[in-house]
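See structure below.
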Amino acid sequence: MAQTIETQIKEFCTAAGQPFSYDIFRNVYIWFGILWGLPIPLVTTSMHYAFLASHNIPSPLTTVLTTPIQWFFMIHPLLFGTLFGILGCVRREKERQVTALIDELQELSTHDPLTGLSNRRNFTRIFADELARISRRNADLSLIFADLDHFKFINDTRGHQVGDQVLKATATHLRACCRPYDTPARWGGEEFVILLPDTDEQAATLFAERIRTSLQAGLSPAISFPITISIGVAQHLDGESLDGLIERADRALYHAKQQGRNRVLRWRSIPPASR
């Protein structure tokens, strides 16, 4: 309880030093305090005036207004306005903190905490929205499934901290390569997916190739060793679920790995017998 009181006193003192506490144009609590304190001088003045008038005191109103005790009562609306203004500032700061916490929780629920990319849950929701949109427009939709080559070796030989740096840098690289309406996401571990609206499989393959070559050229100045990536590409089929699309892109990725890694392979280039 003592800590709570100390915290409240500290918050009050901090708010007392904020300009917002005395901003009569934005802080409505000031006016609420003034209205709250206004009855005090009105009642005391009226009672004092009635008392003087009943005793035939000359100029009772002048006497009331020049009585020091009445000055004390008359400043009550200003005192209440100031007090409520400070409390309004405290409330405003609390609301800001709550809003920031909600935003943080929203970010954590939809994005991967390490890379900042969309997580699976958010990616699934975005896919559903895009699927509804392309159904109305009869547009193309493709998916890239990417996997960093030999990532376990990086973790084992250079440490997980370096591995995390590689993942962050890869996420930054993917985000930079994407268009504003593309959706890159971390699928798990060193696996990434990118949803490409209005893009057929051939165009998605060219896009994936640009990602691969630019990543191979250098991921980040902080990462001195070479990094390569293998990518599978698949175009959405009518009536296909996200699981089905992911499975086909993952199958293309598997064949890219089997053919030596550091390459892009699209689903339709796989012989039917090998699928």
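What follows is calculated from the coordinates using simple rules that are stated; it is not laboratory data. Quick caveat, the model's predicted, so the values are computed rather than measured. Every residue, glycine as well, gets a Cβ built from its backbone with ideal geometry; the counts of neighbours run over all protein chains shown.
In whole angstrom, note down how far apart the Cα centers of segment 52-126 and segment 149-199 are. Using only Cα atoms, the two centres lie 45 Å from each other. Counting only lysines at least 8 places from K94 when in the same chain, those with an alpha carbon closer than 16 Å to its own are K10.
Size check on segment 1-146: the Cα extents along the three principal axes, sorted descending, read 95, 43, 24 Å. Partner lysines whose Cα lies under 25 Å from the Cα of K152, excluding those fewer than 8 positions away in the same chain, are identified as K168, K257. Computed log10 I(q)/I(0) for segment 120-274 at 0.11, 0.14, 0.15 Å⁻¹: -0.41, -0.66, -0.75, from the Debye equation with unit scatterers placed on every C-alpha and solvent omitted. Charged neighbours of E93, selected by a Cβ distance under 13 Å, balance to +3 (K, R count +1; D, E count -1). Extension gain, C13-I126: 0.36 nm per intervening residue step, less the Cα-Cα distance, totals 36.1 nm. Can you compute log10 of I(q)/I(0) for the chain with the Debye formula, treating each Cα as one identical point scatterer, at q = 0.15 Å⁻¹? Listed by q, the Debye log ratios stand at -1.04.
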